[in-house]
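Participant: Structure incoming, see below.
We did not get these values from a lab; they are worked out from the coordinates using the rules stated. Computed from a prediction, not measured in an experiment: that's the story for all the values here. Note that we place each Cβ from the backbone using ideal geometry, even for glycine, and neighbour counts take in every protein chain shown.
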Amino acid sequence: MMNIEIELIGENVERQLIYLKDSLEGSEIEGLAEVQVKQREGNIGEMGIGEITNSLEAIIKAAGAPLTELVKCLQTFIESFKTSLKIKCPNGMEFSIDSKYLNEKGIPKLVKELLEGCNAPNKDGK
């Protein structure tokens, strides 16, 4: 399994966040186990859920084809909204992605970088 965080960059991204979540869920990517809006942890003693962030958490069961399909959906989103986003891996690796980056790298190379980056040891060597 591969957990990634997709952070939208910019101001007033609330609608874009919901649109992206709905798009990913509606795309029916085989192997995309879960997509949810990320929330900040509440402070000790606070009731309720944490504040909603400008990020989604995605859980992918298998990295090959599902990750490629996820990147294709992200490319469509970036081009449609003329925006950029950041993909964060659990090990601390981050990838800032916009349409220029996608045009220069292409989907296969970006998928390869994500696979290598997210499977690399943590920044502290673990």
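Participant: Would you mind getting me the FRET efficiency between V37 and E94? Use the beta-carbon distance for r and R0 = 22 Å, nearest 0.05.
Facilitator: Computed FRET efficiency for V37 and E94 comes out at 0.70.
Participant: Another one. From Cα pairs below 8 angstrom and at least 6 apart in sequence, can you work out the relative contact order of the chain, rounded to a whole percent?
Facilitator: The value is 29 percent.
Participant: Let me ask you something else. Per residue of the range 87-104, in order, report the coupling 6.51 cos²θ - 1.76 cosθ + 1.60 (Karplus, θ = phi - 60°) as ³J(HN,Hα) in whole Hz, putting x for Gly and Pro.
Facilitator: 9, 10, 9, x, 7, x, 5, 9, 10, 8, 10, 9, 5, 4, 4, 5, 5, 6
Participant: Moving to a separate point now. If neighbour count is taken as other Cβ atoms inside 10 Å, put S23, S80 in order from fewest to most.
Facilitator: S80, S23
Participant: Can you compute 3J(HN,Hα) from phi for each residue in the range 21-32, using the Karplus curve 6.51 cos²θ - 1.76 cosθ + 1.60 with θ = phi - 60°, rounded to whole Hz and x for Gly and Pro?
Facilitator: 4, 5, 5, 5, 5, x, 6, 6, 5, 5, x, 8
Participant: Would you work out which of N12, L115, L74 lies farthest towards the positive end of the dipole of the chain, given +1 charges on the beta-carbon of Lys and Arg and -1 on that of Asp and Glu, about the Cα centre?
Facilitator: Farthest towards the positive end: L115.
Participant: Any lysines with Cα under 20 Å of the K61 Cα? List them, leaving off those in the same chain fewer than 8 positions away.
Facilitator: List returned: K21, K38, K72, K88, K112.
Participant: By count of other Cβ within 10 Å, fewest leading, how are M93, M1 ordered?
Facilitator: Neighbour counts put them in this order, fewest first: M1, M93.
Participant: A further question follows. Sort by residue number and name the cysteines in the chain that have no neighbouring cysteine Cβ under 4.7 Å.
Facilitator: C73
Participant: Near the amide H of V13, under 5 Å away, which other amide H atoms are found, from residues 5 or more places off or on another chain, if H is placed in the peptide plane?
Facilitator: The list, which skips near neighbours in sequence, is empty: none.
Participant: For the chain, list log₁₀ I(q)/I(0) at each q in 0.11, 0.18, 0.20, 0.22 Å⁻¹, using the Debye formula over Cα point scatterers of equal strength and ignoring solvent, two decimals each.
Facilitator: -0.38, -0.99, -1.21, -1.41
Participant: Follow-up question, since we're still on this one. So what is the calculated 222 nm ellipticity per residue for the chain, using -39500 (n - 2.57) for each DSSP H run with n of 4 or more, over all residues, to the nearest 500 deg cm²/dmol?
Facilitator: Value at 222 nm, helices only: -12500 deg cm²/dmol.
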